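The structure appears right after this line, and notes come after that.
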Amino acid sequence: MLNKVLCCLAMVAVASAYTDDALKDQVHDLPGSEDLSFDFNQFSGYLKVGDNLSKNMHYWMVESENDPKNDPVVFWTNGGPGCSGLLGFFTEQGPFFPQKDGSLKMNEYAWNKVANMVFIESPCGVGFSYSEDSDDYKTGDAQTAADNYDLIQAFMTRFPSLRGNRLYITSESYGGHYMPTLAKEIVDQQKDASEDEKLNFKGFAVGNPFTTPYSGIPASVETYWGHQVVSKPTYDKWVASCVDPTKPNAEECEALFIEFYRQVGDLNPYALDYPICLDEDMMAKAKYGRAQRLAFFNHWFASASADLRSAVGLPALFSAEADSDSGYEPCESVYTTTYLSRDDVKASMHVNPDIKWEECSYKIRYSEKDGLNSMVPNYQYLINGGYDLDILVYSGDDDSVCGTVGTQSWIWDMGYSNGIGETWQEYTFNGQPSGFITKWPKEKLAFVTVHGAGHEVPTYKPEVALDLFTKYLNGEWTDGLSIGKKSAASASKKEGKKYLKSKK
């Protein structure tokens with residue numbers, strides 16, 4: 001009841017700042033939040049994009065708890081390709097976590113502590129996004145970038161007071177393709193944009209990115225070996241037969257990967273040292289709890305043999321206990337699927353009630369060849385083009401889906417010199433070693449590892465993730481100063497300190 005009063009008070013105070021279309025999207029009485037206390041506004045609805053405006057793209061915006069009028073606007077989408085941005089909302093860094101009983105729990109490390117967060121379901125056909133034209137479900141990197149640019153413009157038309165705010169785009173996993181292509185789309189489109197289409201675009205951040213072909217399956221194999229979860233004889237065969245691209249042996253390498261997958265067994269592929277969901281009743285309502293990885297495999301192995309597709313498609317479960325100290329809940333994605341399937345939730349979100357929400361879409365037909373393209377040229381285009389963008393690449397080092405070794409395989413080879421920057425310097429959070437930072441200050445590029453985090457960094461290390469995000473928005477990762485020596489001008493740093501105090 002308290003949150004209803006707070007939301008009503010907030011609504012009275014700021015109603016005049018919103019367009020009529022925005023007010024129609026405002027979320028009231030979100031099911032499961034009845035006993036929660038929060039005073040930020042949130043909006044959920046559809047934005048029409050595409051040449052014929054036939055694509056209905058779902059967004060969910062939650063205002064910053066700090067200074068919504070002036071804080072950055074940050075768009076978030078998950079990877080796949082074809083996974084919903086609501087995974088980020090409900091299992092990573094959104095304001096609420098669904099519980100098994102259908103209630104919601106506040107996330108004390110939500111990223112809307114310091115920014116206006118806009119979670120989108122893209123491409124069209126993902127989550128609650130839909131079209132009446134089935135041709136709209138055929139897409140690829142270029143089309144997705146064009147649609148997401150149109151989505152951003154449509155959002156700014158609905159929320160014109162935010163157009164001048166600093167704008168950032170963020171993602172993870174196949175976001176390693178989404179973000180560089182969208183960033184290029186933005187800077188190219190902005191060259192000839194009219195005054196009422198101008199965006200204050202400042203950069204992008206992407207976690208555990210699938211950037212080059214090596215950062216997918218080959219990096220997974222290297223991560224398996226580095227974590228010692230596969231045998232040396234099998235790994236030696238892989239090195240002998242599959243590492244040298246001039247000596248292709250597709251049949252043998254496929255068989256070896258199936259063997260790797262068998263040896264790894266039921267370990268959590270997103271975070272090898274974390275438990276998995278064991279609630280069989282809940283798991284029966286979702287797709288095995290590994291939807292993002294399955295979506296990636298579905299894309300990567302679209303033309304693979306039936307044996308390989310079968311081998312990676314239906315992983316079993318094993319016994320483990322949740323790590324209560326970290327706050328990690330291995331069944332969170334399952335609770336999310338159940339929550340977003342409820343009619344009362346859909347009504348509150350203003351979405352198509354006939355859509356059955358799933359973590360990742362198998363409806364879309366995403367270009368297979370796009371996954372084979374390296375995104376390094378896009379990075380070089382954006383860095384060398386003088387667009388003054390802040391670019392952060394971060395990586396949880398416990399991930400095997402898009403392992404840190406995959407990012408290291410390309411980011412150093414771009415050839416940029418550190419100059420007065422930092423090279424693989426340890427950084428700490430609350431006094432604890434938390435990872436390593438490398439800065440290329442001239443290029444405004446930074447690479448940060450998060451020690452002990454999995455594929456979705458905010459899921460596994462929420463405190464560190466919010467600290468990382470706050471530092472990024474303050475420019476602390478991409479400047480030329482050492483960590484801890486810069487005093488940010490933004491008020492968000494003060495808020496970051498407020499929410500990042502260690503638990504006592």
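Readers should treat all values here as calculations from the given coordinates under stated rules, not as data from a laboratory. What you see is a predicted model; the values in this text were computed from it and never measured. Positions of Cβ are backbone-derived with ideal geometry, glycine not excepted, and every protein chain shown enters the neighbour counts.
Odds and ends about this structure:
- Pairs from Lys100/Lys471; Lys363/Lys439; Lys202/Lys461; Lys113/Lys202 whose Cα-Cα separation, in the structure shown, is over 31 Å: Lys100/Lys471; Lys363/Lys439
- Likely footprinting exposure, Ser215, Ser129, fewest C-beta neighbours within 10 Å first: Ser215, Ser129
- Hz values of 3J(HN,Hα) by residue in region 116-128 - Karplus curve (6.51, -1.76, 1.60), Gly and Pro given as x: 7, 9, 10, 9, 10, 10, 9, x, 4, x, 8, x, 8
- Peptide ranges 201-210, 63-72 listed from the most packed, as the mean C-beta count within 10 angstrom indicates: 201-210, 63-72
- Region 2-206 has equivalent-ellipsoid semi-axes of 27, 20, 16 Å, by the square roots of 5 times the alpha carbon gyration tensor eigenvalues, sorted largest first.
- Fewest-first ranking of Lys444, Lys198, Lys369, using other Cβ atoms within 10 Å as the exposure measure: Lys369, Lys198, Lys444
- For region 11-118, the relative contact order comes to 25 percent (Cα pairs under 8 Å, sequence separation of at least 6).
- Other residues within the sphere of radius under 12 Å centred on the Cβ of Gln26, judged by their own Cβ, net out at -3 (K and R +1, D and E -1).
- Reducing region 122-197 and region 200-273 to their Cα centroids gives an inter-centroid distance of 30 Å.
- Cross-link check: pairs Lys191/Lys369; Lys48/Lys184; Lys184/Lys444 evaluated at a Cα-Cα cut-off of 20 Å; pairs beyond the cut-off: Lys191/Lys369; Lys48/Lys184.
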